[in-house]
Amino acid sequence: MPGVEGFMYPNEVSLYWSVLIVLYPFITGLVAGAFILASLARIFRVEAVKPTYRLALLTALAFLIVAPLPLQLHLGHPERSYEMYMTPHRTSAMAMFGFVYLWYLMAVLVVEIWLDFRADIVALSQSTIGWRRWMYLAMTLGSANVSPRALAIDERVGWLVTLIGVPSAFLLHGYVGFIFGSIKANPWWSSPLMPVVFIFSAMVSGIALVMLLYMAATRLRRQPIDMLCVDTIARCLFYIFIIDFSLEMLDLIHRVYEADESFRSLDFMVHTRLYFSQIVLQIYIGTLTPILLLALTQVIRLGATARKRIYAVAGSLALVGIFAMRWNVVIGGQLFSKSFLGYTTYKMALVTREGLLVSIGLTLLPLLILAVLVKILPPWPEAEHASIPEAVAAP
Amino acid sequence: MRIFRDTGHLFRLAGLFAVGTLSFFVIRAFLVPRSFGEYGHYRGAAISEIAAHPIRFAGHQTCETCHTDVAQTKNAGKHAQVNCEACHGPLAKHADDPSIDPGKPDTAVLCVRCHAASAAKPKGVPQVDADQHANGLPCQTCHQPHNPAIAAGGAK
């Protein structure tokens, strides 16, 4: 049989979870990571990353809107998806995604964005005309109160929402890791470390994405890049990347030392079918290279231009590495037989519902949505209409 | 009450959420079928609806009442345990009205469903690479499907 080597059970020959299921944790991870970067500014009071705060929130929203689409396309019948809200299946982790998603979208992101942009929305509802005015008026919910006291209350409530948002972001992406980690029949997935690894890799990808978007958007707007801001983000990225890599290595060492009955089969797979995507793309190009590049900026005094270039390269490679990690988890976990005696091949289609073109479209769609969101709610520091009084401290 | 004046927008937001939640429960009351959850996590009425479907399979005993010669041939060969409708498809209509001709299955397509080579199949099942084995000829050129051993004779 073409593409099959050794002994495969009949239901293992073709893969059920395609590239769309690779995209799903990748996109969800970007959401969680972008939100955690935003929380750095708000909860952890890292003032230097403030210029990216609003952009990070809008990025998280844009990607969160797209996050369920790969699942919808993979499963088919999107008209049935509301059923998981109507008749929730409480013992199914997959069915609970609807609630995790809805909680994060409605109770965290939308509320936080609304509170943070409220002063701007009110100002825009007064300065625009036509349908845009109506749109902003609807977004104000009929309240134009932007008194210093009202804004101070918004700040406090927003702080509380972010506080709830951080564990929610962990829940959102920890959940995605849990889906894989809890499948005990698959030794490539079944690991209690999976949710933790997913969370840290999500932080890496989300922070790298917002850093790249901030640098690209600032350049497009012909504004100077706030170097203190990108330096701080890059430092955070560096530290979290090291934790992420350490956790993955811990998982690897644990597997090597434990060497259970699946080890020889998985080891063979990593050295053959997954060699390029796992060893070359994920570890060498997508993890070690960006870590070394970021380390370089920490130990050697470099000029702003060199640092910006290094951050751009390291950020892009980090995204490639995290995508490769998702690929290796999702696709890698389906390439070997439960008999540990055979391997199959994943051949990605091009124009089908689960093909390459749809995947590229789904990767670009959040950027398009982000462009629209940025147009509606400009996140740039100079666009902030009403600055929140400095004297108001969060509780 | 200044505090209420400055938090008015938050109450509006909370109100919007309350309306949303309420709408959800109202819509849910209309959309979830009444019999849902009666026996398990599915629509209870589905059981009686499925039970009311017309019967499509006649069962091999029904076939054998008329086709005694075929039943004898089949029972003498390796396919003795294979039910008639496993290959011929559901035939309740034909059993009710024998003038309805169900047609004969195409053996070139039918046989490979079970006999195409696969390492995962039990060794006792004869397995062939159809292209090499038959060279495009239908299986019944050499094998009589009801008793496929060559010794039992070819197409009849």
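Only one residue of B:PRO90, B:SER118, A:SER205 has its Cα farthest out toward the positive end of the dipole of the protein assembly as shown, where Lys and Arg carry +1 and Asp and Glu -1 on Cβ, and that residue is A:SER205. Each Cα pair under 8 Å and six or more residues apart adds its sequence gap; the mean of these over the residue count of chain B is a relative contact order of 16 percent. Legend: mean number of C-beta atoms from other chains within 10 angstrom of residue C-beta atoms, peptide B:41-54, equals 1. Positive contributions from Lys and Arg (+1) and negative ones from Asp and Glu (-1), summed over other residues with Cβ under 15 Å from the Cβ of A:LEU296, come out at +4. When each of the peptides A:198-204, A:141-147, B:139-145, A:299-305 is scored by the mean number of other C-beta atoms lying within 10 Å of its residues, the order from highest to lowest reads A:198-204, B:139-145, A:141-147, A:299-305.
Taking a ≥ b ≥ c as the square roots of the eigenvalues of the alpha-carbon gyration tensor, region B:1-109 is classed prolate because a/c is 1.5 or more and a/b outweighs b/c. Peptide B:9-16 is shielded by partner chain Cβ atoms: per residue, an average of 5 of them sit within 10 Å of its Cβ. Relative to its Kirkwood radius, the Cα radius of gyration of the protein assembly as shown gives an Rg/Rh of 1.10.
Distance from the alpha carbon centroid of region B:105-134 to that of region A:38-68 works out to 58 angstrom.
For A:GLY342, nonlocal amide neighbours, meaning residues 5 or more places apart or on other chains whose placed amide H falls under 5 Å from its own, are A:PHE7, A:SER337. Largest mean-square fluctuation among B:ALA119, B:ALA58, B:ALA130, in a Gaussian network model of chain B whose springs join Cα atoms under 10 Å apart, belongs to B:ALA119.
Quote the charge dipole size of region A:218-275 about the Cα centre in Debye, to the nearest 20; the model charges only the Cβ of Lys and Arg (+1) and of Asp and Glu (-1).
So the magnitude is around 580 debye.
Hey, with R₀ at 60 Å, roughly what FRET efficiency would A:LEU341 and B:LYS93 work out to, going by the Cβ-Cβ distance, to 0.05?
0.85
Remark: relative contact order (chain A) = 31 percent; criterion is Cα-Cα distance under 8 angstrom and separation of 6 or more residues.
When all alpha carbon pairs of region B:56-102 are counted in 5 Å bins from zero, the resulting P(r) reads 5, 23, 31, 26, 11, 4 %.
Cβ-to-Cβ counts within 10 Å put B:LEU31, A:LEU40 in ascending order as B:LEU31, A:LEU40, the fewest first.
Across region A:142-285, C-alpha contacts under 8 Å between residues 6 or more apart give a mean separation that, scaled by the residue count, equals a relative contact order of 16 percent. Computed packing ranks the peptides A:53-66, A:325-338, A:99-112 as A:53-66, A:325-338, A:99-112, most packed first, by mean other Cβ atoms within 10 Å. Remark: region B:1-148 carries a charge dipole of roughly 1000 debye about the Cα centre, counting +1 on each Lys and Arg Cβ and -1 on each Asp and Glu Cβ.
What FRET efficiency would be calculated for the residue pair A:SER190, B:VAL128, taking the C-beta separation as r and a Förster radius of 51 Å, to the nearest 0.05? For A:SER190 and B:VAL128, the calculated efficiency is 0.85. Taking 19 Å as the straight-line reach from the Cα of B:LYS93, the aspartates and glutamates in range (excluding those fewer than 8 positions away in the same chain) are B:GLU64, B:GLU85, B:ASP101. Quick one: Cα centre-to-centre distance for region A:74-106 and region A:243-294, in angstrom? So the separation of the two Cα centres works out to 33 Å. This model, with +1 at the C-beta of Lys and Arg and -1 at the C-beta of Asp and Glu, gives the protein assembly as shown a dipole about its Cα centre of some 1220 debye.
In whole angstrom, region A:93-215 maps to an equivalent ellipsoid with semi-axes of 38, 15, 14, each derived as √(5λ) from the alpha carbon gyration tensor and ordered largest first. Cross-link pairs exceeding 21 Å in C-alpha to C-alpha distance, out of A:LYS338/B:LYS121; A:LYS347/B:LYS121; A:LYS184/A:LYS338; B:LYS74/B:LYS121; A:LYS50/A:LYS308, comprise A:LYS347/B:LYS121; B:LYS74/B:LYS121. Taking the C-alpha atoms only, the angle from helix A:53-66 to the longest principal axis of chain A is near 50 degrees. Using a Gaussian network for chain A with springs between C-alpha atoms less than 10 Å apart, which of these wobbles most: A:GLU248, A:GLU261, A:GLU79? Highest fluctuation among the options: A:GLU79.
The value for region B:2-51 of Rg(Cα) / (2.2 N^0.38 Å) is 2.01. Largest mean-square fluctuation among A:ASP154, A:ASP267, A:ASP244, in a Gaussian network model of chain A whose springs join Cα atoms under 10 Å apart, belongs to A:ASP267.
Relative to the longest principal axis of the Cα atoms of chain A, the long axis of helix A:148-181 lies at roughly 0 degrees.
Quick note: the coordinates plus some simple rules give every number you see, no bench work behind them. Since this is a predicted model, take the numbers as computed values, not measurements. Methodologically, a virtual Cβ is constructed for each residue, glycine included, from the backbone with ideal geometry; neighbour enumeration extends over all protein chains shown.
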